[in-house]
1. Arranged by the count of other C-beta atoms within 10 angstrom, fewest first, what order do A:54, A:118 take?
2. Counting partner chain Cβ atoms within 10 Å of every residue's Cβ in A:66-77, what's the average?
3. Exposure proxy check: B:89, B:46 ranked by fewest other beta carbons within 10 Å?
4. Counting only other chains, and only Cβ atoms inside 10 Å, what mean value do you get across the residues of B:165-176?
5. Within 10 Å of each residue's Cβ, count the other Cβ atoms and sort B:98, A:183 from fewest upward.
6. Taking every pair of distinct Cα atoms and averaging 1/r, then inverting, what Kirkwood hydrodynamic radius in Å comes out for the stretch A:8-76?
7. How much length is gained on full extension from residue A:336 to residue A:171, taking 0.36 nm per residue of separation minus their Cα-Cα distance?
8. Averaging over all projection directions, find the projected area of the Cα convex hull of the stretch B:11-78 and quote it in nm² with one decimal place.
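A short reminder: the numbers here are calculations on the coordinates, not readings from a lab. Since the model is a prediction, treat every value here as computed from it, not as a measurement. We place every Cβ from the backbone using ideal geometry, glycine too, and count neighbours over all the protein chains shown.
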């Protein structure tokens with residue numbers, strides 16, 4: 001145990017390197033023999049140690065080729081430079097490879113790029129040309145079509161046939177008739193409402209089915225309007241009476257209500273009407289049936305007033321639309337073949 | 001401060017490594033120039049005297065250093081750190097090529113023994129071959145310790161730092177390795193192996 005603690009092989013190594021077994025001192029020899037078997041083992045170890053060192057001197061050391069150095073330095077550069085530079089380096093290698101056999105790649109890439117650029121330019125130019133034509137403002141001289149010149153050198157109108165003029169007049173008249181029929185139909189609807197109120201049966205006329213000249217239709221319409229106005233006027237007179245009665249009634253009712261409030265007396269409304277001081281002396285007691293009739297007449301009167309306004313409006317429109325068809329000058333122009 | 005080219009040779013390994021961490025290419029090249037031969041020979045001895053493999057490992061080592069210079073521990077001497085990295089790479093190579101190595105050793109065994117029997121006296125070349133063969137049979141740590149000590153001429157302290165072990169462990173490994181090799185190579189005449197005046201001072 002104690003010997004193992006004092007064991008130091010490095011001391012033996014120095015002895016092996018410097019001295020042979022015979023050159024060792026007695027103390028050193030005793031120390032060596034404590035760790036080695038005999039002299040032969042010591043000499044073998046010494047020979048081995050010295051041989052290794054001398055052989056290393058004799059042997060030419062290995063030298064790394066320059067490619068290893070360049071690869072290592074390139075690895076260091078690649079690590080240090082930014083990523084975009086690495087990307088650019090790869091682009092450079094792609095565009096100009098070391099081996100000439102690899103040139104087909106950049107050639108193909110450039111050819112494809114050239115084709116794409118050419119196609120793009122052509123497309124843009126065509127599209128741009130169309131755009132330019134659309135956007136360009138050109139002063140175009142408007143040339144009027146020359147009228148045919150007669151034998152005498154003056155411009156001559158082309159002769160219009162009588163058949164073409166008739167067709168044009170008929171078309172114009174039919175268009176005007178349709179417009180007039182529509183107006184009359186509206187008017188007819190309005191008159192039928194009046195008939196329903198007044199009880200008359202000849203006011204509503206089927207104007208659409210009627211095939212009369214426009215002048216006669218207009219005249220007939222005017223006559224119907226006049227007759228209806230007369231009827232409506234009579235209705236207004238009776239209605240006005242009712243209204244006055246209603247007003248009197250309402251005033252009386254109000255006075256009675258005020259009076260009733262004062263006297264706290266409840267009396268029938270129709271009685272109060274008779275006792276109103278504002279009521280005429282010749283008045284009579286109004287029954288419920290009379291009141292209902294008067295009220296309906298009043299309603300009819302107000303409705304009629306409103307409808308009359310509409311009627312006047314439609315008559316005015318109808319007269320305007322009729323004026324084109326009736327216009328003698330227009331018809332004469334059409335007949336002349338203008 | 002800008003450094004000129006001449007000053008790189010005077011800088012210590014550790015200082016150059018600091019510059020490498022900062023991205024100094026010349027400092028990196030300086031370190032490569034200082035250590036490429038030693039490391040190449042170390043790989044050559046450790047990796048079954050395969051020159052191509054030694055070059056590949058040398059390139060891999062410096063590529064790793066270029067890619068991750070920050071992995072260097074500034075508290076450790078650069079030389080021992082580099083050799084420890086190289087030794088770890090060799091250990092990985094041993095693990096991956098264990099079967100191949102066994103086959104190669106078996107093949108060389110038969111050939112070399114026949115050559116030794118036929119040889120007259122001690123052939124140094126034959127002895128070198130046998131020595132390498134016996135070294136390959138050793139435990140990787142013992143072999144690396146032996147190579148660092150007697151081939152790379154590294155001090156006991158540096159070897160201990162490279163292996164992260166005590167100096168006593170290194171001394172013990174060296175003694176037993178030397179003793180084992182002497183026993184296996186006792187067929188050679190020891191006196192014939194000793195050249196005249198080859199003794200030299202050994203770094204402690």
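1. Working: A:54 19, A:118 10.
In increasing order of surrounding Cβ atoms, one gets A:118, A:54.
2. Details: counts 0, 2, 9, 7, 0, 4, 12, 7, 2, 8, 14, 4.
Mean inter-chain Cβ contacts per residue within 10 Å come to 6.
3. Working: B:89 19, B:46 27.
Listed from fewest to most nearby Cβ atoms, that is B:89, B:46.
4. 3
5. Working: B:98 10, A:183 21.
With the fewest neighbours first, B:98, A:183 line up as B:98, A:183.
6. Numbers: mean 1/r = 0.0678 Å⁻¹.
Value: 14.8 Å, from the Cα pair sum.
7. Working: separation 165, 0.36 × 165 = 59.40 nm, distance 1.54 nm.
Extra length available between residue A:336 and residue A:171 comes to 57.9 nm.
8. Details: hull surface 17.8 nm².
Orientation-averaged projected area of the Cα hull: 4.4 nm².
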